[in-house]
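Inspection log for the structure reproduced underneath, given as structure tokens.
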Amino acid sequence: MSKYQALFSPGSIGPLALPNRVVLAPMGSNFPDAEHKVTDQLIAFHVARAKGGMGLNIVEHTTVHPWGRTGPRMLGIWDDEMIPGMTKLADAVHEAGGRIAVQLQHGGRQANEEVIGRKPLAPSAIPAGRDRRMPEKMTVDEIRETIEAFGEGARRAQEAGMDGVEVHMAHGYLGCSFLSPLLNRRDDEYGGDTSCRVRFAQELREAIVERCGEEFACWCRISADEFMEGGTTVEEARQFAPLLEMAGYDAIHVSVCIGETACYASAPYYVEQGHLLDYAASVKEVIGVPVIGVGRIVEPEMADEAIASGKCDFVAIGRASLADAEWPKKADEDRPSQIIRCFGCNLGCSDRSYSEDGEVACTANPWTSREAEWSDYPTGPRAKSPQQVLVVGAGPAGMQAAIVASRRGHEVTVWERGEDVGGQFVLAATPPSKSELASLVRWQLDEMDRAGVKLELDREATVDDILDVDPDHTIIATGARELRGESLPFGAGGRHVTAWEVLRGEVEVQDPVYIIGGDQTGAETAHLLAEAGHRVSILERSTGIALGVASAPRRFLLERLEDLRVQVHVVHEVMGLDAEGIRCETSAGTKRFNDPGTVVLAIGRRAEDKLAADLEDTLLKVTVIGDAKSPRHAQAAVHEGALVGREI
């Protein structure tokens, strides 16, 4: 019997019986093709999670109308030509032992004008997005046409063999806009008080029943709080949720936000795990149909407790399933320590700045998005001829390379010059709210042990040492080192410390503190010091700080720096440091900051590549990965480690 009895008990959403209470949250992937159809990549993604023990896969937002598209590779279901791909997807998930539904969506005010070739349509002409683009107010005929499109989309899903549909009425899209008192200011039968704003959802449900019958599972997803003045609050959600139940929806999936506040839906490490479960519990109090809870559900214990305590009937995991497709299986088999944890960095899932073609990925798990080409995960292709592999450096890149190479049958040894593993990622987990990042280091260390990797700490690698071992393949993952002011002129008496020294707790800090460099390291060091009570200023030469941070965590970081009264000076290029203080060049001319208590340098990193360069003159086969190749981000490091581990 499972340790998590509530989580792995059977459940039902209307007529749809499910083997457990774990639901794959719908997440846009960018896996569909340019014609908005299912691809083998999308199928492999869902099959992996069905095999991983998911009770129900909800396929990503799928537009029922060409005018509802939010991106050039958004999945579509507005034409019968899209049924064969959907059928192939449904059949593959069923063959893998899973259940599958599709989320029906229309972008509304958040549709992509460049993709749809016209202004977006919405209940009311309320501007959207950073560019404040203005949608067109829908006519009654356009509303009814859209309702019919949802009905037809459900019909196609049913014909394709899907087990149900989820109607997207959250996150600021069209269905959400009709429910929202902020976004729906109509004065006809589709607007006004709560009962009128629910009419769109009611008629939509009728259109689905007309085509699919009442025995085809259909539920909806709502935003229980839009975090906008005048928008939906949980009190309002408690008013319209019973009306949705009366309309015939078999369950309600409780999320939050609209486009302008999306950081709360895909909340980063700055927000506590399970932060939306109380919204689910509040809605559950006023309805009788099942409630699906969502929101940074990472730990099986939390998921199990949420169901056992009655907060919700099902839990939807999204990013946690990107980090580990076998999350349910490992939890059910009482192997929670083997789960690769999502730590809320948002790099590969929400931000995707570092992902190929904008496809969803995961910093912690390089297999995510590669399920079709890496069908042999987690071992990789078995090595035809086992080799002796030496990895120098036990940061995320080196450890990932060691894990994959060892799983493939190679004899792998890791040398780490420090007293512990993790490299720079240990420092990355040091600033406030970022301790979850250490879960990756813990998992990699445990996984190396399970894979049989030999780890040697306090082992400084030299060319002679490596030549003595004479490995078949050497992987250099020595990371990067911090720049210490090599590019800055220092006058007599100029004193400074580095951000890494501060993060390691190696130096005493006196006020006022000036941090030179406002990238991620500088901004997060400022956060750390300000929370400790120091008076902190950031001097940054560009037009903004933390520009390399993913959008959601950056928003929370900037808010916290403002709350802590950190002084931010942008377009301030530091030209020198001397005994009197700091000299900057600004658009207004030279400016000085005299008598600083502590000057902290956070001016970048340089590849720690000396060993790699020294090995070039040998006959050894050497591969350089991660920051030792070029300082970048954790996603690049982990993924490069996996790639080289597979290629040996």
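Got a number for residues in the range 1-55 being more than 24 Å from the chain's Cα centre (by Cα), aliphatic (A, V, I, L, M), surrounded by fewer than 23 Cβ atoms within 10 Å (Cβ to Cβ) and modelled with pLDDT of 95 or more?
So the count comes out to 4.
Filter the range 335-377 for residues that are of a type in the set (Asp, Glu) and over 13 Å from the mean Cα position of the chain (by Cα); which is surrounded by the most Cβ atoms within 10 Å (Cβ to Cβ)?
The residue in question is GLU371.
Out of the range 226-243, which residues are in contact with a Leu (Cβ under 9 Å, 6 or more places away or on another chain) and closer than 29 Å to LEU18 by Cα?
ALA237, PHE240
Given the options TYR173, TYR190, name the one that is open to solvent by less than 30 Å² (accessible area, probe 1.4 Å) and hydroxyl-bearing (Ser, Thr, Tyr).
Of the residues listed, the single one that is open to solvent by less than 30 Å² (accessible area, probe 1.4 Å) and hydroxyl-bearing (Ser, Thr, Tyr) is TYR190.
Could we say that SER177 is touching a residue at least 12 places away in the same chain (Cβ under 8 Å) and assigned to a loop (DSSP other than H, G, I, E, B) here?
Considered against the rule, which asks whether it is touching a residue at least 12 places away in the same chain (Cβ under 8 Å) and assigned to a loop (DSSP other than H, G, I, E, B), SER177 comes out as no.
Do you know which of the residues in the range 514-523 that are open to solvent by less than 30 Å² (accessible area, probe 1.4 Å) and out of contact with any Ser or Thr (no Cβ under 8 Å at 6 or more places or on another chain) is nearest to LYS434 (Cα to Cα)?
ALA523
Which residue pairs have Cβ atoms closer than 6 Å, lie 6 or more positions apart in sequence or on different chains, and pair a first residue in the range 343-360 that is at positive phi and among the aliphatic types (A, V, I, L, M) with a second residue that is crowded, with 16+ Cβ neighbours inside 10 Å and not in a loop (DSSP other than H, G, I, E, B)?
none
Going through ARG481, ARG495, ARG442 one at a time, which residue ends up being open to solvent by 20 Å² or more (accessible area, probe 1.4 Å), out of contact with any His (no Cβ under 7 Å at 6 or more places or on another chain), of a type in the set (D, E, K, R) and assigned to a loop (DSSP other than H, G, I, E, B)? Reasoning before the result, please.
Working: ARG481 fails: assigned to a loop (DSSP other than H, G, I, E, B); ARG442 fails: assigned to a loop (DSSP other than H, G, I, E, B).
Every option except ARG495 fails the conditions.
Has the range 174-195 got at least one residue that is in contact with a Gly (Cβ under 9 Å, 6 or more places away or on another chain) and at positive phi?
no
From the residues in the range 389-429 that are assigned to a strand (DSSP E or B) and of a type outside the set (A, V, I, L, M, F, W, C), which one is surrounded by the fewest Cβ atoms within 10 Å (Cβ to Cβ)?
Selected residue: GLU411.
The values are calculated or read from the model by the stated rules, or taken from the named source; none is laboratory data. All values derive from a computational prediction rather than experimental measurement. Using ideal geometry, Cβ is built from the backbone for each residue, glycine included, and neighbour counts are taken over all protein chains shown. These accessible areas exclude ligands, DNA and RNA; they are computed on the full protein's heavy atoms, side chains included. Shrake-Rupley method; radii C 1.70, N 1.55, O 1.52, S 1.80 Å.
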